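Reading through the structure tokens given below for one structure.
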Amino acid sequence: MTDYLSRTVISADGLHLHYRDYPNAETTALPILCLHGLTRNSADFHDLALHLAPRFRVLTMDVRGRGLSEHDPNPENYHPGTYVADVLALLAQENISKLVVVGTSMGGLIGMALAAQNPALLAGLVLNDIGPEIDPAGLTRIKDYVGAVEPAKDWDDAIAHMKAINGHALPGLSQAQWERFTRGLYHENADGRPVLAYDPAISMAVKAGDVAPPSMWALYETLSVTPVLVLRGSQSDILSTKTVQDMVQKHPDCTACTVHNRGHAPLLDEPESLAAIDAFLNHTAR
């Protein structure tokens with residue numbers, strides 16, 4: 001028996017979008033929806049979902065163009081407005097009217113937009129290494145690699161690519177951890193070669209600046225009725241300590257946690273991350 005069920009929702013424009021459902025039939029707690037970063041997918045949250053599954057139902061979504069979700073034939077649709085609509089389609093299919101969102105990077109931006117547009121929808125929002133202001137240095141780094149990774153010859157080559165891109169953000173991972181990390185980001189093609197599990201066309205949105213506007217403070221300030229937990233990797237080049245301080249100061253119910261020895265973004269299997277998320281859910285999801 002697998003740990004989760006693979007499900008599909010059809011978007012308003014007809015794409016088949018995949019999500020994982022880690023069911024918990026007995027709990028009366030609010031469900032949790034996990035949304036990944038720009039080039040990632042639902043596999044990112046497997047360890048967190050297993051940690052939470054005894055107490056919560058957890059859904060983890062492959063945003064369109066990532067993971068097992070279909071690629072969009074029109075790359076102009078790769079932007080937060082479309083992603084929000086896709087999430088709402090999933091929630092409608094599952095008949096979910098209240099939930100907690102855990103969002104890493106781009107997933108956090110989607111969560112912010114959901115909360116701003118639907119104030120009664122979110123009981124809480126976890127922002128993993130993302131906020132209303134993005135450090136330009138980190139954004140430049142992302143623009144440089146999205147869609148530009150050379151095809152991998154084999155799994156060893158794929159692991160080497162991932163180390164080169166993410167090694168600064170994830171120091172201390174063992175070789176086995178790097179292999180597991182990499183296998184979550186690649187699929188095997190018909191020839192058995194690993195290929196990245198995202199549509200290279202998402203790079204068009206990144207280069208056009210459609211990932212996020214330079215400042216989203218006005219959006220963030222609409223979240224005053226939504227409890228927020230912000231996690232920051234201690235070595236992050238996306239979310240600055242000053243931005244986190246301002247987030248806590250400007251919000252009536254925002255707590256922050258620094259995840260040590262991590263850049264962008266924490267994996268959410270770190271003891272600090274799990275403890276902070278557990279405490280937050282005890283506050284918001286019961």
* Structure fact -> Contact list, first residue from region 89-105 and of a type in the set (Val, Ile, Thr), second anywhere and assigned to a loop (DSSP other than H, G, I, E, B) and surrounded by 17 or more Cβ atoms within 10 Å (Cβ to Cβ), beta-carbon distance below 6 Å, six or more apart or interchain, is 96/31; 100/30; 100/285; 104/36; 104/37; 104/265
* Asked: Could you count how many residues in region 271-284 are buried (at least 18 other Cβ atoms within 10 Å of the Cβ) and either outside any helix (DSSP H, G or I) or among the small types (Gly, Ala, Ser) (or both)?
  -> 2
* Out of all the residues in region 37-46, is one or more part of a strand (DSSP E or B) and under 22 Å from residue 286 (Cα atoms)? -> no
* Members of region 155-207 that are part of a loop (DSSP other than H, G, I, E, B) and open to solvent by 70 Å² or more (accessible area, probe 1.4 Å) -> 168, 172, 190, 191, 193, 200
* Meets criteria (touching a strand residue (DSSP E or B) at 6+ places or on another chain (Cβ under 6 Å), of a type in the set (Asp, Glu) and either on the phi < 0 side of the Ramachandran plot or crowded, with 19+ Cβ neighbours inside 10 Å (or both)) for residue 129 -> yes
* What's the number of the condition residue 148 fails, among (1) of a type in the set (Gly, Ala, Ser); (2) modelled with pLDDT under 90; (3) within 23 Å of residue 277 (Cβ to Cβ)? -> (3)
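Per-residue answers, yes or no, for (1) buried (at least 20 other Cβ atoms within 10 Å of the Cβ); (2) among the small types (Gly, Ala, Ser); (3) in a strand (DSSP E or B); (4) modelled with pLDDT under 95:
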| site | (1), (2), (3), (4) |
| --- | --- |
| 7 | no, no, yes, no |
| 13 | no, no, no, no |
| 26 | no, no, no, yes |
| 50 | no, no, no, no |
| 54 | no, no, no, yes |
| 60 | yes, no, yes, no |
| 71 | no, no, no, no |
| 86 | yes, no, no, no |
* Name the residues in region 218-245 that are hydrophobic (A, V, I, L, M, F, W, C) and either farther than 24 Å from residue 274 by Cβ or crowded, with 23+ Cβ neighbours inside 10 Å (or both), would you? -> 218, 219, 223, 225, 228, 229, 230, 231, 238, 239
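The values are calculated or read from the model by the stated rules, or taken from the named source; none is laboratory data. These figures come from a predicted structure and were not determined experimentally. When we count neighbours, we look across all protein chains shown, and the Cβ atoms used for this are built from the backbone with ideal geometry, even at glycine. For the accessible areas, the whole protein counts, side chains as well, though only heavy atoms, and no ligand, DNA or RNA atoms are used. Shrake-Rupley method; radii C 1.70, N 1.55, O 1.52, S 1.80 Å.
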